[in-house]
1. In segment A:566-585, how many are over 33 Å from the mean Cα position of the chain (by Cα), in a loop (DSSP other than H, G, I, E, B) and crowded, with 21+ Cβ neighbours inside 10 Å?
2. So which residues in segment B:109-126 are more than 19 Å from B:A66 (Cβ to Cβ) and within 14 Å of another protein chain (Cβ to nearest Cβ), if there are any at all?
3. Quickly run through segment A:498-556 and pick out the residues that are in contact (Cβ under 8 Å) with a residue 60 or more places away in the chain and part of a loop (DSSP other than H, G, I, E, B).
4. State whether one or more residues within segment A:164-185 are surrounded by fewer than 16 Cβ atoms within 10 Å (Cβ to Cβ), within 14 Å of another protein chain (Cβ to nearest Cβ) and part of a helix (DSSP H, G or I).
5. Out of (1) touching a strand residue (DSSP E or B) at 6+ places or on another chain (Cβ under 8 Å); (2) assigned to a helix (DSSP H, G or I), what's the single condition that is false for B:A354?
6. Answer yes or no: is there a residue in segment A:267-287 that is within 11 Å of chain B (Cβ to nearest Cβ), part of a helix (DSSP H, G or I), more than 24 Å from A:V100 (Cβ to Cβ) and over 30 Å from the mean Cα position of the chain (by Cα).
7. Just to confirm my filter: which helices (runs of 4 or more DSSP H) fall fully inside segment A:596-709 and include at least 1 residues that are under 20 Å from the mean Cα position of the chain (by Cα)?
8. Is one or more of the residues making up segment A:624-647 touching a strand residue (DSSP E or B) at 6+ places or on another chain (Cβ under 8 Å), small (G, A, S) and surrounded by fewer than 21 Cβ atoms within 10 Å (Cβ to Cβ)?
Amino acid sequence: MSINFEQDAQGIVTLTIDMPGRSMNVINSELEGPLEAALSRIEQAPDITGIILTSGKESFVAGADIEGLFHIKEPLQAFELAQQLKATLFRLERCGRPVVCAMPGTALGGGLEIALACHYRIAIDHPKARFGLPEVKLGLLPGGGGTQRLPRLIGIQAALPLLLEGKELKPAKALAAGILDALASDRADLLAQARAWISANPKARARWDDRKFRIPGGDSKHPANVQMWAIAPSMLRQKTQGLYPAPQNILSCVFEGCLLDIETGCEIESRYFAELAVGQVCKNTLSSLWFQLNDLKKGAARPAGVKAPPFQRVGILGAGMMGAGIAWSCARAGFDVVLKDLTLEGAEKGRSHSQKLADKAVQRRQMTPDQAAALLSRIHASASVDDLAGCDLIIEAVFEDRELKAAVTRESEAVMDAQGVFASNTSTLPITGLASQSTRPAQFIGLHFFSPVEKMPLVEIIVGKQTSPETLARAFDFVLAIRKTPIVVNDARGFYTSRVFGTYVMEGMALLAEGMDPNCIEAAGRASGMPMPPLALQDEVSLSLAWHVAEQTRKDLAAAGDPYSPHPGLTVIDKMVNSLGREGKKSGRGFYDYEAGNKQLWPGLKDHWPPADAGLSQQDMIDRMLYAQALETVRCVEEGVVTRCADANIGSIFGWGFAPWSGGCLQFINAIGLEPFIARAEELAGRFGERFAPPPLLHEMAHEGRSFE
Amino acid sequence: MTQAYIYDAVRSPRGKGKKGGSLHQVTPVHLLKNLFDALQERNALDTAQVDDVVLGCVTPVGEQGADIARTAVLYAGWDQSVAGVTQNRFCASGLESVNLAAMKLMSGQEDLVVAGGVEAMSRWPMGSDGGAMVMDPRVNAAMDFVPQGIGADLIATMEGFDRETVDRYAVRSQQLAAAARDEGRFARSLVPIRDVCGLPLLAHDEFIKPDTSLDTLAGLKPSFQMMGDMGFDATILRKYPQVARVQHVHHAGNSSGIVDGAALMLLGSAEAGAAQGLKPRARIRACAITGSEPSIMLTGPAPASRKALARAGMNVADIDLFEINEAFASVVLKAVRDLELDMDKINVNGGAIAMGHPLGAAGCMILGTLLDELERRDLSTGLATLCVGGGMGIATIIERV
C-alpha cells in the first residue's frame, strides 16, 4: 500500500505516504486510490481528532506522473483528470478535522498542492528541500488547485511570480513567503509540532472556507490588482513573445478564480489545464524537455555496459574565457584541475574567474566560505607542461588553429597519464583530423563546451573515427559528473550545434542582403522564439570570427577538392568585416552601434543594403529562420552526424536556445507534421533558394508515415 | 428623411479633476441637474415633449451607474415621460449621444431628444469600471492592450513629431483657450454650476494654464516611459516591428487634462422645434463612426472624418472649422497631416490639452464650442472628431441654418 494509516491514543491519524518501489512519491492512481480510501475511513470515524499527512521518503511528494498526461488528446479527459485530484483534495480539506502536512523534504507541483489543501504546513529545514509549483516549465499549470489556493494563502501578487516562473524555494524562503507555517529540525520534531498544532486547533479548517475570508492584498478587482492585471500580460509577453500558453493561462486562472469562490475557481483551473494539456506546446515540451532529456541523463547515448573509470585530475589548456569556465565547472564538481596557459599570469587570470564566481556564490549563500576556499584550492594555475603529469583528462581550449592544437596535443600526451583521454574543445574543426596528430587517437575525443560555461547546460561530445567506446563512456560520465547534459554526435565539419546554429544567423544576414528592414529582421527573430535576434547574435559571436571560420572552411574544402557553395549571408559578413571594418560587439561596431551601454542598429545598414521594394511578411522571415535550422538538422541526421532525436532536440535547445516552445529542431518538424513541413519547405526553396529544399530523408519518412522519435 | 436640428447647447465649465477641484464636491447627477435646469429655462421647454435623453458616461459605476440619464431626468424634475439612456463609447460618448439623437430624429421615430454626457473624473477615476480589455489577461493579451499614452507616443515616433513639436502644439492650445475664455467666446454655452443651496461653485474653465511655455513644458518628464519600459512598449512594437523603439514625448502638459464636467444639447425635428417656438441653429449634415488599429487606439479621427465627409458629399475644403479632440498632441497633429488641414481652421479656441477632457461629455462639448464659433465668425460648416478607446474614430458635420 502506498499510504500507511496509523491512529494514536489521542485519536490523531498519521497518514504516511510511502510508495513501494520508488525513491520518491508521485501522484498517480497508486496514490490517489489509497488516499481516497483513507479519507473514507476518516469520514466515518468521529473519534478521529486530527490528521497528519507525511511521507516515508526523504521528500514529501515530487509531483504528478507525466506519462499518463502526455498521451491525453481529448480536453474532457484532461479536465476530468484534474477535477478528480481536486475532488480528493477538497475531501481532505473539508474532512472536519484539523489536517497538518508534515513534510520531511521537497514538495513540488502536485506535492505542494496536496500540502496547500492541508490546514497547516511544517517542513524539515533540510538544505536540499525545495517547495514550488514548477508545472509552467513543462508547459502546464498546477491543476490540483495550486493556482487557487496559493493566491488565497499569500496574495495574488506574491503568488504570481511563483506560479509564472515555477521558482523552487528553500525551506526558509518558503516560510518567509507564507507557504510554510513552521520549520522542524528533524522527523521527531516535525511530528511533535504537528501533534501540538492539532491539539491547539481542534476546529481548524481552511481559511477560505470562512465566510468572512478576504484574499490578502484583495481579490482580482481590487484597484491595486486591476493595475497589475493591465500590465501583467505585457510583462509576460515581453519574455515569452506570446509563444508560451502556460503562463498566459496561469494569469487567467488566478484572475478569474480570484473573482469567484474557490470551488468555481478550481473548476475554471481544470478548464485552462485541459487546454494546455492537449495543446502542442505542452506536447513539444514534454517530449523533449521531459522524456528525451531524462533519457539523455540516464545515458541513452552512452555505449551500454562499457566500464569507464572516472577521471581523477583534469588538465585544461588555455585559460581564456572557455578554459576558465571549464575549470570552474570541474572544480565545482570536485575534480582537481590544472589550468595551464602560456604564462603563469595568464593562468592565474583564468583562475581568478573562479574566484569571482565563488565570491558571488558565497554572497548569494549558495556556498559557504569554506566550500569556496576548497573549490579554489582544487584549481592549480600553471605555465608548465610538466604539471600536466598525472592528469587523466586533458581538455584543450586553445585558439582554433590546427598547428597550435597539434602542438599542445603532442606535448600533453608526452606527460599525461597514458591511459587518459585527450579532449578538444574545438567548436568547428573536425575531430578526426585533430586526432591524426595524436599518438593515441582512440583516446581522443571532442568535448564542445558552450560559453559562458558556468551557465550553459550542454556539452556536445564528438566521436572521432577512431575514438573508442571506452573513451566515449568516460567522457560521457565526466559530463554528467560536472552536472551538464551530454549529447553525442559524430564527427563532421561544425559537428551538429555550430553547423545548425550558423544557419540561423546566416539567414538573418541573407534577409539583410535582400533589403529587408533590419528592425523587422530582428523583430522576426524575437517573434520566432529564438533567445536573441540574428544580427544582434552575430555581433555577440563576432563577425570576424565568423569570417575566419568561413575562410577556413573554404580553404579546407578546396584542399580536399570538395564543392563549396557559400551561403548568401556570407556576402554580408565579407562586406562588414573587410570593407566596413565592423567586426561585432567587441570592437564596438557591428550590425549595432555600441555606445555608452546604448545599443542601436547601425543606421548605415540601409545605405549598404538598400531597402527592397516589397518587404516579406513576418511569418516568411520567421519560417526562413526556423526552417533553415530544422532542415540543416535533418541533413545532420541524414549524414549520420546526429543519430538520436533526443540529441538533436536537447542539443538545439540547450546549445543555442532554438525556439524552446517547439521542443527542438526535429520536434519542430513533428509538430508541424512532415507533409505540411515538406510543402512549406518546397515553397521556401522556390522563393528563396535551394537551401530550403527538403532532404530525401524527409520525403522517405513522410512516405512511410514516420516522425522523428 | 427628417432633418435633425440643433436648437441649443449648454455645458458646465471644466473643473480640475481632483480633490480641491471646484466641481469635486458636486455629484454627477447634481452637475447634470444644473444643465437640465438651464436647458429648460433658456428654451422655455415643455419637457413632456422630449422623447428621450441620451447621455454618454465612460465610467458608469457608483454615482454614475445604473443609467444616469434616466436618474438625472427624474432628479432634475423633468416630466416622467422623458426616458433616458446611458451609453459608453469611451471618449466619443458625448458626440455619440448627439449622433444617436440625430439618428433617432432622422429615422422619424422621435421628435425631440436631449443628447450629452457627464464625467466626474475626480470622483470616479478612469478605469474604476475595470473592463475585460484591461483587466482580463486573456482578453488583454488577445487585443495587445496598451494604455493610450503609449499609442500616442508611438504615433509621435512614427510621424517624426519630436518633443518640441508636441510641446509647441500644447502651448498653442493653452494660448488659444486662455484668449477665448478671456474674450468670452464660451459664454453662450457655459452654465455656471451651483451647489444644492444655490451657492456658486464654478463659472469658467479652471484647468487652463495661460503661462505655459516651451520652457515650462520642457521640465516635465514623459508620463509613459516607465510603463513602456515595463512591457507595454514591447507589446506595441511587436505590432510595429519596423520601429526600433518608442520615443516617449507625451506628458501631463501635452496630453488632455483630467477634469469634471457635463454637457447637453437639444435636438429636434423642424416641426417639433417650431411647436416649442424654437429657432434652429444648425443641422446635422452627417455623422460617422469607424474602427481603427486597437493597440495605438488613436488614429480614428482621419478615417472617421473621411467617412462623414463622403456621406455628406463634401470635401475637406468644404469645412470651415474643425474640432479635433486633443487627447494627445500627436493625435491632433497626425489627423491634421492625414487630412491635409490648415492649422488656422482647427481647434481655434484651444482644446482638451488646455481645458481638460471630461470623458463622457467632451464630444458634446466640442461640438457646442464649434457651433458657437461658427456663429461668432459667421461661417457655415464645421466638423468635430475624436479618437476613441479600443481603436475607434467618430465624426460629426454640422451646418448652420
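The values are calculated or read from the model by the stated rules, or taken from the named source; none is laboratory data. These figures come from a predicted structure and were not determined experimentally. All Cβ positions, even for glycine, are placed from backbone atoms using ideal geometry, and neighbour counts span all protein chains on display.
1. Of the residues in segment A:566-585, 1 are over 33 Å from the mean Cα position of the chain (by Cα), in a loop (DSSP other than H, G, I, E, B) and crowded, with 21+ Cβ neighbours inside 10 Å.
2. If the condition is that a residue be more than 19 Å from B:A66 (Cβ to Cβ) and within 14 Å of another protein chain (Cβ to nearest Cβ), then B:M126 is the only one that fits.
3. The answer is A:E514, A:G515, A:M516, A:D517, A:G529, A:M530, A:P531, A:M532.
4. no
5. It is condition (1) that B:A354 fails.
6. No; the residues of segment A:267-287 include none that is within 11 Å of chain B (Cβ to nearest Cβ), part of a helix (DSSP H, G or I), more than 24 Å from A:V100 (Cβ to Cβ) and over 30 Å from the mean Cα position of the chain (by Cα).
7. A:618-638, A:645-656, A:665-672
8. Looking for residues that are touching a strand residue (DSSP E or B) at 6+ places or on another chain (Cβ under 8 Å), small (G, A, S) and surrounded by fewer than 21 Cβ atoms within 10 Å (Cβ to Cβ), one finds at least one in segment A:624-647, hence yes.
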